[in-house]
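Quick notes on the structure that follows.
The values are calculated or read from the model by the stated rules, or taken from the named source; none is laboratory data. Here the structure is a predicted model, which means the values were calculated and not measured. Quick reminder, even Gly has a Cβ in these numbers, built from the backbone with ideal geometry, and neighbours come from all protein chains shown.
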Amino acid sequence: MRYAAVLLFLLAGCSSLDSDQRARLASHQAQAKIYYEGGEYGRALDQVERGLELAPDDYGLLSMKGGILLLASSNASGTDHRLLDKATTLLEQQFAERSMARHEPHLLLNHARAQQKQGLRHLGEAIRLEGQASRAPTGDAEALRQKAVAERALSDQHLDEAWRVFDAMVERGELLRVVHNHRLQIAMQRGRNADFEAAAKAYLEQSARAVEITQKRIQDAQNVDFENEQMRVRRELLDEEREVRSLIAEFHYARKNFKDARLQLDKVVELDPRQFVAYYTRGRVLLELGLVDEAKADFRRFLADPSMPAGNEKAVFAMQVVDR
């Protein structure tokens, strides 16, 4: 219903189009949405471009284009950031067109995610330059440090913007599970412990609610296709929760909060017993807690991973503990 209302609003603004063009635009908008939500981003982009030929300033299509380019962009730690820059510029232009309160949630989310990714990109570059400076001759080191300072400033600028937009989305109560996931990532990257713990708690609450709702839909399903789709959604939610809990465990482990780390890792292996790396990490935690026999049992589970390469340093450590 919300999408239909937005679509009617957007079409109302296309007064210069004749009835045939408006119908074609509506078709491209609808098809782009279907492909996008189905993960067929290439086909979605094709429909977006066709729609933009008819309505170059279409808010929804431009927003979706920015989101697709962002998804297609390289990892923040990569070297080719052309797609990321293109996505960021497009989303920034769309964001500047309206006040925060008038934007659709998908535009806010993609804009903030682009800012977050840019922040990570510049943070990684700052760390790289700092490493170079530590090894460079005195004359070159200062110039490298100055470049690193500039990169950290850019990183802070982008991450501050991402946090500001995510804050607004929390206030509006929109896409809360996804937003809290991104907020905890930013907080961890910036060493903001209190923000991380608050976002982690909020994420887990929203995740549990989403899983509960999806499970109820599965139980009440009257259609096999709908039931299968909801089962897929449930799997994705649980996979996401497992990844977030692993991150929370990493956070606690780094701060020597071993009991809290163990609680998260217990849930990780409950969600997916095939997470062999989680057994290794939990084994390290159990060692810190003085639970040697339990640690050995986890290291044996870790060593049972058939895909582990020979000579893996984690495997060497695990074997040393098991053989004690």
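Looking only at the range 130-162, filter to residues that are among the hydrophobic types (A, V, I, L, M, F, W, C) and touching a His at 6+ places or on another chain (Cβ under 8 Å); which one of those is farthest from THR88 (Cα to Cα)? Give the derivation first.
Going residue by residue through the range 130-162, those that are among the hydrophobic types (A, V, I, L, M, F, W, C) are 133, 136, 141, 143-144, 148-150, 153-154, 159, 162.
Restricting the remaining residues to those that are touching a His at 6+ places or on another chain (Cβ under 8 Å) gives 154, 162.
Values: LEU154: 14, ALA162: 12 Å.
So the residue we want is LEU154.
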| said: So for the range 33-55 (the condition being surrounded by fewer than 21 Cβ atoms within 10 Å (Cβ to Cβ), without any contact (Cβ under 8 Å) to a residue 12 or more places away in the chain and hydrophobic (A, V, I, L, M, F, W, C)), does at least one residue qualify? | reply: yes
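Residue-by-condition table, conditions (1) closer than 19 Å to LYS267 by Cα; (2) touching a Cys at 6+ places or on another chain (Cβ under 8 Å); (3) in contact (Cβ under 8 Å) with a residue 24 or more places away in the chain:
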{"residue": "LEU184", "(1), (2), (3)": "yes, no, yes"}
{"residue": "GLY191", "(1), (2), (3)": "no, no, no"}
{"residue": "LYS201", "(1), (2), (3)": "yes, no, no"}
{"residue": "VAL211", "(1), (2), (3)": "yes, no, yes"}
{"residue": "LYS216", "(1), (2), (3)": "no, no, no"}
{"residue": "GLN219", "(1), (2), (3)": "no, no, no"}
{"residue": "VAL224", "(1), (2), (3)": "no, no, no"}
{"residue": "ARG234", "(1), (2), (3)": "yes, no, no"}
{"residue": "GLU241", "(1), (2), (3)": "yes, no, yes"}
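Is it the case, given these coordinates, that ARG183 is within 23 Å of GLN118 (Cβ to Cβ) and at pLDDT below 95?
Working: within 23 Å of GLN118 (Cβ to Cβ): yes; at pLDDT below 95: no.
No: the conditions fail for ARG183.
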| query | Quick one: is ASN181 polar (S, T, N, Q) and in the same structural domain as GLU240 (by TED's automatic domain parsing)? | reply | yes
| query | From the set of residues in the range 147-190 that are crowded, with 17+ Cβ neighbours inside 10 Å and among the small types (Gly, Ala, Ser), which is nearest to HIS111 (Cα to Cα)? | reply | ALA162
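Show me the helices (runs of 4 or more DSSP H) entirely contained within the range 216-324 in which 2 or more residues are within 26 Å of the chain's Cα centre (by Cα). Give the derivation first.
On the way: elements: 224-254, 258-271, 276-288, 292-303, 313-322.
The helices (runs of 4 or more DSSP H) meeting that bar are 224-254, 258-271, 276-288.
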| How many of the residues making up the range 206-216 are of a type in the set (Lys, Arg) and either within 19 Å of VAL178 (Cβ to Cβ) or not assigned by TED's automatic domain parsing to the domain that holds VAL233 (or both)? | 1
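For residues in the range 282-303 being of a type in the set (Gly, Ala, Ser) and in contact with a helix residue (DSSP H, G or I) (Cβ under 7 Å, 6 or more places away or on another chain), which is surrounded by the fewest Cβ atoms within 10 Å (Cβ to Cβ)? Before you say what the answer is, go through the steps one by one.
Quick first cut of the range 282-303, residues of a type in the set (Gly, Ala, Ser) only: 283, 290, 295, 297.
Of the ones still in play, those that are also in contact with a helix residue (DSSP H, G or I) (Cβ under 7 Å, 6 or more places away or on another chain) are 283, 295.
Details: GLY283: 28, ALA295: 22.
Only one residue fits best here, namely ALA295.
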| message | Given the options GLY290, GLY311, name the one that is on the phi > 0 side of the Ramachandran plot, modelled with pLDDT of 95 or more and not assigned by TED's automatic domain parsing to the domain that holds VAL211. | response | GLY290
| task | Please name all residue pairs, on different chains or six or more residues apart, with Cβ atoms under 9 Å, provided the first residue is in the range 114-141 and is surrounded by 16 or more Cβ atoms within 10 Å (Cβ to Cβ) and the second residue is in a helix (DSSP H, G or I) and among the aromatic types (Phe, Trp, Tyr). | result | GLN115/TRP163; GLN116/TRP163; GLN116/PHE166
| field | Residue within the range 243-250 that is free of Cβ contacts under 8 Å to residues at least 60 places away in the same chain and among the β-branched types (Val, Ile, Thr) present | value | no
| note | Residue count, the range 97-108, condition out of contact with any Asp or Glu (no Cβ under 8 Å at 6 or more places or on another chain), surrounded by 21 or more Cβ atoms within 10 Å (Cβ to Cβ) and assigned to a helix (DSSP H, G or I), comes to 1
| field | Scope the range 62-85; condition surrounded by 17 or more Cβ atoms within 10 Å (Cβ to Cβ) and of a type in the set (Lys, Arg); matching residues | value | LYS65
